[in-house]
Structures are given as structure tokens and as C-alpha cells.
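Input: a single structure, listed below in C-alpha cells.
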Amino acid sequence: MERVHDLGGRAGFGAVEVEADEPVFHDPWERTARALVFAAMGNHPNPTTSAFRHAIERMDPEHYLTSSYYEHWLTAAASLAVESGAVEPEELEQRAGGPFPLARPPAEPQVEGTGAQRFAVGDRVRVVATPHPGHSRCPDYVRGRIGTVVRVDDSFSLPDIEAHSLRRVVEGTYGVRFTARELWDDADGRAAVHADLWDSYLEPA
Amino acid sequence: MTSDHHHHPAEPAPVERRVAALEQLLTDRGLVPPGFVDAINRAYEQDIGPRNGAKVVARAWVDPEYRQRLLTDSTAAIAELGYGGHEGDHMQVVENTADVHNVVVCTLCSCYPWPVLGLPPAWYKDPPYRARMVREPRALLAEMGCDVQDDVEIAVWDSSAEQRYLVLPQRPPGTDGLSEQELAELVTRDAMIGVARL
């Protein structure tokens, strides 16, 4: 399953389970795992949120869906530590006393980016239909769909490139409004979904 | 080891042991200085949480000019109360009205406005909420105890880029005599995510 983390609109999930009076951390290991991400990033040549997110996204899909949020953080921290040369997989497994699943290797970046801010509030835009390998912050559920720009936000580095390399392409980001019916034929007629999208993800509609 | 044939051949080591292994190795490499784990987390355990956001909301309820600034330049208005920083550098406050109910999600991971709400609850990070809130918001809100009338539009905000969202709930009726501080005590985390009404 590609893009297992890209969950918007996916079928088959049940009830949202709310825990009353939930603590910030359930167990000391969660607290440590959270900090280890920042520790591993301290040694990484590309210490960006994009690279961190992509490390989580590269987890084995079944492991991703069956492990908790802070196990995702642990797996990303360990993977980034291995990939930056700080630790070896074998020593992790030896110390842990068993298998230590890591993320899959990163894909090569496949996009150039526009580096532009081509759209204005009120413009109708279509989201580029085809996903590419590697990291992206374009949710699948808006791909190929038409929406309206409701905000022009600041320009930011395109994560699709930033996650994979030291190259930076800064371009416009937008708040884009989609009617729920544009996204799904049988959706609520009085609902809209907004996604925040980089310039590269859009084309004029 | 069990002989249960459904088991994976390579069951991971217990997560606590994996965390301890990575912590020890990174400590050996000098990447986890003394006090590092506390320094990373302490603020979110002691200082930063939904009470911050509640103060922003209460101020907006009692001060129309602040409310206007909050809706026009959310990041700056929130900074007036001293809140900002990591995961709160680019804020968007969205206002509930009689006609529109707002709700926030991050379908791709778990983006959340840390400076005003703290770290997110588990349900916000788990797959069911992320999958379903964009697809069937009214039904899911009802399941979570938040009934939104059919004639009220639901606006879902998926935090897929750099903006982080905070819902400005409607001020509850019958609260005219309350002070700003008393009003802040009425404001819940869930109302500021948009999965509850006050």
C-alpha cells in the first residue's frame, strides 16, 4: 500500500476512541521517543520536518497502521539515526534484544517545483491528478479535484524536494476550498473541506 | 516464542526496549546530553496546553477589536498574549457562527497548534479521525457528541501545509455577566479543535 499515511477519506475505519483525562504521555518511553527524534535530527544533514515526516511515511505500511503515534516517532528517529551514520541497525537490534523495524529507503526526488506564486484569492484551481514517488503534502483525496483559492499564504520550501535533498524551492502556498460534493458524489451538501496546498500541486481550472 | 502461525516471523522487540536501545546508542554518541529528554518535553507537561488557547478565545469574546485582529492576523494577535513558536508560527483562527461550524484535522500526520493547545490527544493522531473527518464530518461529529444542525454548514480544515488552525467557538448564551477569566474556564480543548460546541 503506497502512501499509507495519506488517510483522508479512506474507508474501513471505525469509531474514534476518546480517552477521558488523557495524560500528555502514557508511558515514559513515549516521552523519551519524542525527544529522540530531536536528538537524531541533531546529527542529520537535512534536519527538516519534511525529512522527519517522510521517515514515518516510509515505514512498512502494516507496521504504520498497527503501531502508535510515538512508535512512529521512534521508528523515524532510529531510521534517521541509521541513515545519518550515527548508529548501525545491527547494534540497535542487539541492544533491543530482537528485531528493530526501520523505515524503507527513501525514494529519489522526482519533482522540480514551480518556485512561483501563480494564483490569487478567488481563482479556480485543479489539483494535479497524479502523485509521484517520495514525500508530498498533497493529500490524495483532493487530486484531480477543482477548488477555489480562499487564502494566499506565505511562500514556503516545497516539502516534496526538501524531504529528499538539501535543495530548496520556495513557492506560494494557498488555502483551497473544495465542496464536499466535489470530492465525493454522495457527500454532505452543506460541507466544505479546505486543504493547504503548494503552488506545484495546482493548475488553473 | 509462541508457535501461533499467524505471528510474523520477526516480531519486533518490545517498544520500551527499542526506545532504550536507541537512547543508549545516541547517548554514547553524544547526541542526548544530560537533561535533554526533560528539556524537550517539560514545557508541554507543565506550561503549554489548552488553557493558552482558552485565554485567546475569552479575550476575543470580550474585546471586539481583539477579535478582529485575531481573525485578520491570527499569529500576531495570539502573540499579544505571549503565545507562539514551534507549530504556531503561522496561525489561522476560524470563527464559528450561527451558519458555519469549523473543525480541524490533519489527514497526513497530526499537525496541531502546539503553543495554544499543547500536544494533541491520541484520537486526533489515530487513523479513524484522520480518515473520516474529511469524508463524513457531520456523522463523525455526531458520534463524538457534537450535533451540528443540518442547516449549519460544516467547514473542515485539513492542516496539510504550514498553517495551524484554532477554532473560535461561539460564546455560550447566558454568559453576559462573566469575567474574561471565568469565560476562559468555559473553553475546552475539543471546542477549539471543533469537535465540541460550548
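The values are calculated or read from the model by the stated rules, or taken from the named source; none is laboratory data. Fair warning: this is a prediction, and the values are worked out from it, not measured in the lab. A quick note on method: Cβ atoms are made from the backbone with ideal geometry, for glycine too, and the neighbour counts reach across all protein chains shown. All accessible areas refer to the heavy atoms of the entire protein, side chains included, with ligands and DNA or RNA removed. Shrake-Rupley method; radii C 1.70, N 1.55, O 1.52, S 1.80 Å.
When chain B is modelled as a GNM with alpha-carbon springs shorter than 10 Å, which of B:179, B:74, B:159 fluctuates the most? Highest fluctuation among the options: B:179.
Membrane-span-like helices in chain A, defined here as complete DSSP H runs extending at least 15 Å along the helix axis by their C-alpha atoms with mean Kyte-Doolittle hydropathy no lower than -1.0, are A:28-41, A:69-83; this is a sequence and geometry rule, not a statement about a membrane. When Cβ neighbours within 10 Å are restricted to other protein chains, what is their mean count per residue of peptide A:181-193? Taking all residues of A:181-193 together, the mean is 5. Sorting B:123, A:29 on solvent-accessible area from highest to lowest, probe radius 1.4 Å, gives A:29, B:123. With Rh defined as the Kirkwood radius, the inverse of the mean 1/r over Cα pairs, the Rg/Rh of the range A:124-204 is 1.00. Magnitude of the charge dipole for the range B:1-131, about its Cα centre and with charges confined to Cβ atoms of Lys, Arg (+1) and Asp, Glu (-1), is about 40 debye.
Taking every residue in A:9-15 and counting other chain Cβ atoms within 10 Å of its Cβ, the average works out to 6. Each Cα pair under 8 Å and six or more residues apart adds its sequence gap; the mean of these over the residue count of chain A is a relative contact order of 19 percent. Peptide B:115-123 has a mean of 3 when you count, residue by residue, the C-beta atoms of other protein chains within 10 Å of its C-beta. Normalised by the number of residues in the range A:1-106, the average gap of Cα pairs under 8 Å and 6 or more apart makes the relative contact order 32 percent. With springs only between Cα atoms under 10 Å apart, run a GNM on chain A and tell me which of A:19, A:162, A:57 wobbles the most. Looking only at A:19, A:162, A:57, the biggest GNM fluctuation is shown by A:19.
As a size descriptor, the averaged projected area of the C-alpha convex hull of the protein assembly as shown was calculated at 20.6 nm². Between A:100, A:178, A:52, which gets the highest mean-square fluctuation from a Gaussian network model of chain A, Cα cutoff 10 Å? With Cα springs under 10 Å in chain A, the top fluctuation among A:100, A:178, A:52 is at A:100. Of all the accessible heavy-atom surface of the range B:13-193, with the other protein chains kept in place and a 1.4 Å probe, what percent is carbon and sulfur? In the range B:13-193, the share of accessible area belonging to carbon and sulfur is 47 percent. Relative contact order of the range A:128-196, taken over Cα pairs closer than 8 Å and 6 or more residues apart, is 28 percent.
Computed with a 1.4 Å probe over protein heavy atoms only, the accessible surface of the protein assembly as shown comes to 43 Å² per residue. With helices as the sole contributors, the protein assembly as shown gives -10000 deg cm²/dmol at 222 nm; each DSSP H run of n ≥ 4 counts as -39500 (n - 2.57), and the sum is divided by every residue.
The charge dipole of the range A:124-204, taken about its Cα centre with unit charges on the Cβ of Lys, Arg, Asp and Glu (plus for the first two, minus for the last two), comes to roughly 100 debye. For the range A:169-205 versus the range B:131-149, the inter-centroid distance based on Cα atoms is 20 Å.
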